[in-house]
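Worksheet for the structure shown next.
The values are calculated or read from the model by the stated rules, or taken from the named source; none is laboratory data. What you are looking at is a predicted structure, and each value in this text was computed from that prediction instead of being measured. Heads up, the Cβs are rebuilt from the backbone with ideal geometry, glycines too, and the neighbour counts pull from every protein chain shown.
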Amino acid sequence: MAGSSHGHTPAAWTGVIISFIGFCIAGLFMVAANPLGFWAGIAVVLLGGVVGLAMKMAGLGMPKESSELAEARARAGQAQTSF
């Protein structure tokens, strides 16, 4: 897994950062016993997912892997494990 760049895109980082901020907001308001603030934090978490998806659709995510590249990756994985 170390050889892949899974999640190392602007879309992934932005979505995760926004969702983390929403998680912190929801946690803070949960401890403060404020349901409205808690649900606002949950809304920010969901917004992070929407923003990440929108950025991926705009071309800032991982490109789709072609079938040839997937087959080559599978052959290389088999070659590494067959000693």
Exercise for the section: Check whether at least one residue in segment 26-43 is at pLDDT 85 or above, part of a loop (DSSP other than H, G, I, E, B), among the polar types (S, T, N, Q) and in contact with a helix residue (DSSP H, G or I) (Cβ under 9 Å, 6 or more places away or on another chain), and report yes or no. Expected result: yes
Exercise for the section: Inspect segment 50-62 for any residue being in contact with a Phe, Trp or Tyr (Cβ under 7 Å, 6 or more places away or on another chain), at pLDDT 85 or above and surrounded by 10 or more Cβ atoms within 10 Å (Cβ to Cβ) and give the result as yes or no. Expected result: no
